[in-house]
Amino acid sequence: MKILVVDDDDLSREAVVDFLANDLGFEVDESARGDEALKMVSSRDYELVVSDIRMPGLQGLELLQKIKAGPKHDVAVVLMTGYGDMENVIAALRAGAEDYLLKPLNIEELAVVIDRVRARQNPTDDLPPQLSSNDEAVRKLRRDTLPEVPGFGRIGVFSAELRRVVSLAERLHDYRSVPLLIEGETGTGKELVARLVHFGPDRTGTGPFVSINCSAIPPALFESELFGYERGAFTGAAEPGKVGHLELAQGGTLFLDEVGDLPGDLQPKFLRVLQQREVTRVGGTSSYSLDVRVIAATNRNLEEMMNEGAFRRDLYYRLNVGRIAIPPLRERPDDIIPLAQLHLEEFAARYHRLFRFIGDDAKEALLTSEWTGNARELANTIERAVLLHDAVVLRREHISLSSESMSVDLPAVHELPVLRPGSFELPPDGLDLELLEREIVQKALAMMDGNKSKTADYLRVSRSALYTKLSKSRSGGPER
């Protein structure tokens, strides 16, 4: 998109130009005079003109009227002014202005207006050409996002490794009597894969999906939770008994998460259930036929546990009839950026943020992280960035990564345990004052649990000054 910015205020004009060119990647021209701008519109192909209203010579409202009356009448025009009188607003809108923004300009509002203009003028364009590196990630997202999985929403499959996992999971959907073992590190998406098996490729799988976390149930209660119990089966048993998770899953799927934590005395009983396909409640005398698909998952090495005597070999081999191993995210680099883009879109919509693209510096940061928490850590990282910031492009400064490999050269003052006047040294290689101020404001706000009055008192500033600083923090830079 090619944009012309017209404003006789040099600082204001340069701030808008900087945002449009450097943050959004558009091709931008500028002018300090309305008459010069009109000549530029006549001789060049602009899609948008952003103009101040009050200028020497040809003013913004006149510029708008002349543009709309001339051969370039389809050029969108946004007017801005430091004077919010309703008469000018009505005149501008009647003359065909796209919108009317007050100064100091809120760049979030400007970005929304630009999105609206681009969507109308170029409905097939996803991104500005200057963001071509993101263009492929977004196209990949559109192409490789699968139908929604109940309980998880949209999922993306962008690497060959993950495509093999999904293909195997969907093929196993038709074999309900085959036990399945899913292996993978914490956060790789084992329950998601289990749901893919349950619902199948067309997402029409029927019956309940019952999940139980083996590490979250006390060993003494596990048998009654899994099999259920009859009335009076033990002291304190509820009347008239209780249905177990296996019975709740009849006709559907039982997902045993962290199966490595299944109590040792329960393992042979569970193996017998898998082999005989019959279940008897605790304290009961009769059994019922089991019509349940059993899927187990673990982030532990069950073979090592077998060798140590902590997990039964026969149960392991029974569960391992169907096996899916999910590679960690660090071994699937092709998934990282499009997955981040997927989460960015979802969280931006959920929290009403402007984020749409991932900048090159943020992409480099994401790609070089170790992701010990895998896809779950990636999702949490993007959600945190969206919650704490607001901009069109996600930048490196927006994201917090725990991996040491992702350390960046932040000002040395960040390493001090407490920041006190006279008690810190300035780094010899320069200091980003705006970045430091944004971080101080955000930390103070978090310390005060989001209470802006207390935060303003803590920072020794007025509430209006705090709102200005928060606006800078949300936009990732000074308010334009």
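Considering the conditions (1) in contact with a helix residue (DSSP H, G or I) (Cβ under 7 Å, 6 or more places away or on another chain); (2) over 30 Å from residue 361 (Cβ atoms), residue 29 is excluded by exactly one of them, (2). When 62, 109 are checked against the criterion of being under 37 Å from the mean Cα position of the chain (by Cα), part of a helix (DSSP H, G or I) and acidic (Asp, Glu), a single residue qualifies: 109.
Is there a residue in the stretch 309-322 that is exposed (fewer than 15 other Cβ atoms within 10 Å of the Cβ), in contact with a strand residue (DSSP E or B) (Cβ under 8 Å, 6 or more places away or on another chain) and outside any helix (DSSP H, G or I)? Yes, the stretch 309-322 contains at least one residue that is exposed (fewer than 15 other Cβ atoms within 10 Å of the Cβ), in contact with a strand residue (DSSP E or B) (Cβ under 8 Å, 6 or more places away or on another chain) and outside any helix (DSSP H, G or I). For the stretch 445-469, filtered to residues that are surrounded by 18 or more Cβ atoms within 10 Å (Cβ to Cβ) and under 27 Å from the mean Cα position of the chain (by Cα), the residue that is modelled with the lowest pLDDT is 469.
Taking the stretch 346-366 only, how many residues are crowded, with 18+ Cβ neighbours inside 10 Å and either more than 10 Å from residue 383 (Cα to Cα) or touching a Lys or Arg at 6+ places or on another chain (Cβ under 6 Å) (or both)? Of the residues in that region, 11 qualify. Residues in the stretch 195-223 that are surrounded by 19 or more Cβ atoms within 10 Å (Cβ to Cβ) and at positive phi: there are none.
Of everything in the stretch 224-256 that is surrounded by fewer than 20 Cβ atoms within 10 Å (Cβ to Cβ) and assigned to a strand (DSSP E or B), the residue that is modelled with the highest pLDDT is 243.
The values are calculated or read from the model by the stated rules, or taken from the named source; none is laboratory data. What you see is a predicted model; the values in this text were computed from it and never measured. Cβ atoms come from the backbone with ideal geometry, glycine included; neighbour counts cover every protein chain shown.
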